[in-house]
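Structure record follows, encoded as C-alpha cells.
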Amino acid sequence: MYSWADGQTTPIWAILPMGHRAGWGESMRLDMATRRQVTKATHRRYVQASRKEKAHILDEFVETTGYNRSYAARVLRNGGPEARSRSSPPQAPSGRRRGGRRRVYGDAVLEPLTRIWEILGFPCGKRLAACLPDVVDALVFHGELVCRPKIIEQLRNVSGATIDRLLAPQRKRFELRGRSGTKPGSLLKSQIPIRTYADWDDARPGFVEIDLVSHSGSNASGDFCQTLTMTDIATGWTETLAVRNKAQKWVFLAIQQLRCQLPFPLLGIDSDNGSEFINHHLVDYCKQERITFTRARPYRKNDNCHVEQKNWTTVRQTVGYHRYGTPQELDALNRLYAAYRLLHNYFLPQAKVVAKWREGGRSRRRYDRPQAPCARTLGSSGLSALTSQSLREQYTCLNPAQLRRDIQTVTEEIRRLVRVKHSDENPGYEYI
C-alpha cells in the first residue's frame, strides 16, 4: 500500500503504468523507468515509517521490483540507485552524513592488546581470545598492565575475529625452510611396533611424541647442537632440551631429564626411525620402566604430527636456523628453553580436534575451545592432588611479561654469540 500526503492509501499496483498492471501477481519484470517511479513513490513513506512498518513496505517493494532485499533497503533509504555515486558517503534524509556503527575497540585497547600479543608470541586471534582473561588478570596482578577498568573489561571480552582485524596491520609472516638430518636406524626396527596417529587414546596424558631438531645452519658437517622436543598428545604439554649432538648417549640422558620435568607419569614414547632413538639403550630402558615404545612409519611425518608442529612453533620460531655448536650456545639454548617452557605450558592456549568427517571431497574438522597445556593437565583424570596444587601455585607466581623479557634477553645473547662467531670466521661477514 502507498500512503499519500492526505493519509489515504493506494495499492502499489495502482501507481504502475497501465501496461504493467495486467501482470500483477506474477513474476513481473519491470523496466528501469518503472522501477524508478516505484522507488520514488515508496521512498518517502519508507524513511518516515516505523521499524515494523518498514519491514512490510520492504516486503511489498521486493515483490514488486524483484530486487535483492538488502539492495532494495539501500535503494529505499537513498531514494533511488542514482541518488548518490559510489564514491560519495550515504546520506541521511536530512542531508547529514550517515555514520557507521560506532567504533568499540579504539587505540586505547589496541596498544595493550598488541603488547599482550607480542608477549605470548603472536598467536592467532582465536587462541589469543581464549587466554586473554587469564593473561590480563596475571599482568594486572604483577603490575605489568595499568589501564582503566573499561579497557580491562574490553580486553577480557574482545572476540577472536576482532583481534585478527585489529592486529592485521602488525602481523607479518616469514617462511623459513629447514632440512632433515634423520638417519634411519634399522637394527631394532622389527622389535618396535609401528604406531600411526590414531592408535593411542588422546584422553590420557603420558603418551608423548619425541623428535630432534637440527641446528646445523647451512653446513651439516661436524658436531652441532640438537634440540630434543617431547610433546604430550592429550594435553599438548611440551618440553625441550638442547644436546651437544645426536649421539645416543646425550639423547638418552635428555629423555630421562625431560621425563622428570613432566607433571604426569610417562606412559608411552613414539619416535621417528632415527638411530638416535632406535637403539638398545632406549629399548631396554622402556622395557625396564614399563613404558610403551613405538615408532612412526618411514617417511610419514604426519604420524608424528603433534611434535612436528611443536618443532616449528617452539624451536624454529624461537631460535631460527642458525648453526649452534659451542658450549656457550648450548647453555644459552637451554636457558632460553627453561623460560619458554613456562610461557608455553602455562599461558599459550592450543585447540584440539574433537571431530573429523568428510563431506564429498573435503575433510572437515571441529575444534574445542583453546586451552593452555596446564589447564588441560589440571582437567585430566589421574593427576594427584599434590601435583595439581603445585601446578596452580606455580601458575599464580608466574608473570608472562617477565617471562617474555627473559626470553628476549637470552635471545639477544644467542644472536650476539652467533654474530661474534661469524665475525671471527669471516671478518667481512655482515650479520643480519
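FYI, it's all coordinate maths here, none of it is from the lab. What you see is a predicted model; the values in this text were computed from it and never measured. Backbone-built Cβ (ideal geometry, glycine too); neighbour counts: all protein chains shown.
At an R0 of 41 angstrom, the distance between the Cβ atoms of ASP59 and LEU110 translates into a FRET efficiency of 0.50.
Please arrange CYS147, CYS397, CYS374 by counting, for each residue, the other beta carbons lying within 10 Å of its beta carbon, fewest first. List each step's numbers first, then the result.
On the way: CYS147 17, CYS397 10, CYS374 23.
Arranged by neighbour count, lowest to highest, CYS147, CYS397, CYS374 become CYS397, CYS147, CYS374.
Amide H to amide H under 5 Å from PHE207: which residues, 5+ apart in sequence or cross-chain, H placed 1.01 Å off N in plane? For PHE207, whose amide H was placed from the backbone, the distant partners under 5 Å are ILE233, ALA234, LEU267, GLY268. Distances between placed amide hydrogens fall under 5 Å for ALA372 paired with GLN350, all partners being 5 or more residues away or on another chain. Residues in the range 278-312, backbone N under 16 Å from the label point at LEU267 (7 Å along the Cα-to-beta-carbon vector): list them, ranges by number please. In the range 278-312, the label zone of LEU267 (backbone N under 16 Å from the point 7 Å along Cα→Cβ) covers 290-294.
Annotation: amide H-H contacts under 5 Å for PHE293 (H modelled 1.01 Å from N, sequence separation of 5 or more, or interchain): ILE269. Set against the 2.2 N^0.38 Å expectation for a compact globular protein, the range 107-170 has a Cα radius of gyration ratio of 0.99.
A straight chain from ARG297 to THR326 at 0.36 nm per residue would run longer than the Cα-Cα distance by 7.1 nm. Taking every DSSP bridge with both residues inside the range 189-425, close to 70 percent are antiparallel.
What the phi angles of the range 106-111 give under the Karplus curve with 6.51, -1.76 and 1.60, with θ = phi - 60°, is a coupling list of x, 5, 5, 8, 5, 5 Hz, glycine and proline written as x.
Using θ = phi - 60° in the Karplus curve 6.51 cos²θ - 1.76 cosθ + 1.60, the 3J(HN,Hα) couplings for the range 151-162 round to 5, 4, 5, 5, 5, 5, 9, 5, 8, x, 5, 5 Hz; x is entered for Gly and Pro. A straight chain from LYS150 to LYS356 at 0.36 nm per residue would run longer than the Cα-Cα distance by 70.2 nm. Ranked by how many other Cβ atoms sit within 10 Å of their own Cβ, fewest first, the residues VAL213, VAL140, VAL418 fall in the order VAL140, VAL418, VAL213. Once the Cβ-Cβ distance of ALA385 and LYS52 is raised to the sixth power relative to R0 = 56 Å, the FRET efficiency obtained is 0.40.
Extension gain for CYS397-ASP368 works out to 7.7 nm (0.36 nm per residue, less the C-alpha to C-alpha distance). Along the range 288-304 the Karplus relation, 6.51 cos²θ - 1.76 cosθ + 1.60 evaluated at θ = phi - 60°, assigns HN-Hα couplings of 5, 8, 6, 10, 5, 10, 10, 9, 7, 6, x, 6, 10, 5, 5, 5, 10 Hz to successive residues, with x for each Gly and Pro.
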